[in-house]
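Undergrad: Just passing along the structure, written as structure tokens.
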Amino acid sequence: MRYYLHDEVVLHNKKDDFWVVLHGNVLDLTPFLKDRYDHWNSNLEYLLAFGGKDLSHFFEETLMPKTETSPVTGRPRLLFPPILETALSEMCKTRGKIWSQDPKYHIGRLTRRDRRVRIINTLTGTTQLMKVCDEDTIYDIKNKYKQLFNHHAGSYMWRKFSKRGQCGGKLNMKGTLNENGLFEEEGCRYDLPPPSIWLYYTNDVTIA
């Protein structure tokens, strides 16, 4: 399962790069919209106004659309009409599924909370402050660091300090920050720095 920061989701708010959130589920509707470029309508134009936003208030937790009673006809009507739109190509939809429930568009979950972590490169003497998902493993954080800051992140040993910095400690790459004992101080009267991960260069570029 891939987790995303809210800061990541809000960037995907364009017609050719379009994500939304439904009850913590992150949906990439870009293929659906591209499939409808030649058959555009007002419903899809309305949907575009919600790029990178949370649409949960329009949907039940089952991801079925909410309805309301029309004051004119007395019959139920959809709160969010764009849910009626479907992809035209069979390659862009799952038969019998509305897009809110279509697994083709579900790419992950919104994180339950953001975490901060310092990545300290002992070779260059630089410190990079990163915002990551609480559910991210150290391996996930390593990959994000590699994509954003250092393509040779795989050529370093990733370590933490235990016993108040008196000795080095191995990281469980499959574990989260908390599972590695890298907790965020809560309820403290002081603004303490976030937990740190130390990188030690191995001189082995083959594993980058």
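Undergrad: Just to be sure I follow: if Rg is taken over the C-alpha atoms of the stretch 1-81 and Rh is the Kirkwood radius over the same atoms, what is Rg/Rh?
TA: Details: Rg = 14.2 Å, Rh = 13.9 Å.
Value, to two decimals: 1.02.
Undergrad: Among the lysines, select those whose C-alpha is under 29 Å from the C-alpha of Lys174, and discard any that sit fewer than 8 residues away in the same chain.
TA: Lys104, Lys131, Lys142, Lys144, Lys146, Lys160, Lys163
Undergrad: Something else now. Figure the gain on full extension for Ser196 and Asp16 (residue separation times 0.36 nm, minus the Cα-Cα span) and round it to one decimal in nm. Intermediate results must be reported in sequence, preceding the final value.
TA: Values: separation 180, 0.36 × 180 = 64.80 nm, distance 3.72 nm.
Length gained between Ser196 and Asp16: 61.1 nm.
Undergrad: Hey, if you drop one equal point scatterer on each alpha-carbon of the stretch 87-151 and run the Debye formula without solvent, what base-10 log of I(q)/I(0) do you get at q = 0.12, 0.25, 0.29 Å⁻¹?
TA: Once normalised to I(0) and log-transformed, intensities are -0.52, -1.04, -1.26.
Undergrad: Compute the angle between helix 138-148 and the longest alpha-carbon principal axis of the chain, please, reported from 0 to 90 degrees and rounded to the nearest 10.
TA: 80 degrees
Undergrad: While we're looking at this one, here's another question. Largest first and in whole Å, what are the equivalent-ellipsoid semi-axes of the chain based on the Cα gyration tensor, each being the root of 5 times an eigenvalue? Kindly include the intermediate steps, with their values, before the conclusion.
TA: Numbers: eigenvalues 374, 80, 35 Å².
Semi-axes (√(5λ), whole Å): 43, 20, 13.
Undergrad: What does the helix-only formula give at 222 nm for the chain: each DSSP H stretch with n ≥ 4 adding -39500 (n - 2.57), the total divided by the residues, and the result rounded to the nearest 500 deg cm²/dmol? The partial results should precede the final answer.
TA: Values: 4 runs with 28 residues, N = 208.
The helix contribution divided over the chain gives -3500 deg cm²/dmol.
Undergrad: May I ask you to list the aspartates and glutamates whose Cα is less than 14 Å away from that of Lys97, ignoring any residue fewer than eight positions away on the same chain?
TA: Glu85
Undergrad: Quick one: length gained pulling Lys170 to Asp7 fully straight, 0.36 nm per residue minus the C-alpha distance?
TA: On the way: separation 163, 0.36 × 163 = 58.68 nm, distance 3.01 nm.
Answer, rounded to one decimal: 55.7 nm.
Undergrad: If you count only protein heavy atoms and use a 1.4 Å probe, how large is the accessible surface of Tyr200, to the nearest 10 Å²?
TA: 70 Å²
Undergrad: So if each residue of separation counts as 0.36 nm, and I subtract the Cα-Cα distance between Asn41 and Arg95, what length gain in nm does that give? Present the calculation step by step, with values, prior to reporting the outcome.
TA: Working: separation 54, 0.36 × 54 = 19.44 nm, distance 2.18 nm.
Between Asn41 and Arg95, full extension yields an extra 17.3 nm.
Undergrad: So if I place +1 on the C-beta of Lys and Arg and -1 on the C-beta of Asp and Glu, and nothing else carries charge, what would the dipole magnitude of the stretch 3-110 be about its Cα centre? I want it in debye, nearest 20.
TA: Numbers: 13 positive and 15 negative charges, 61 e Å.
The calculated dipole for the stretch 3-110 is roughly 300 debye.
The values are calculated or read from the model by the stated rules, or taken from the named source; none is laboratory data. From a predicted model like this one, the values you see are computed outputs, not experimental measurements. Cβ coordinates were reconstructed from backbone atoms using ideal geometry, including for glycine residues, and neighbour counts include every protein chain displayed. Keep in mind that these areas ignore ligands, DNA and RNA; they rest on the heavy atoms of the full protein, side chains included. Shrake-Rupley method; radii C 1.70, N 1.55, O 1.52, S 1.80 Å.
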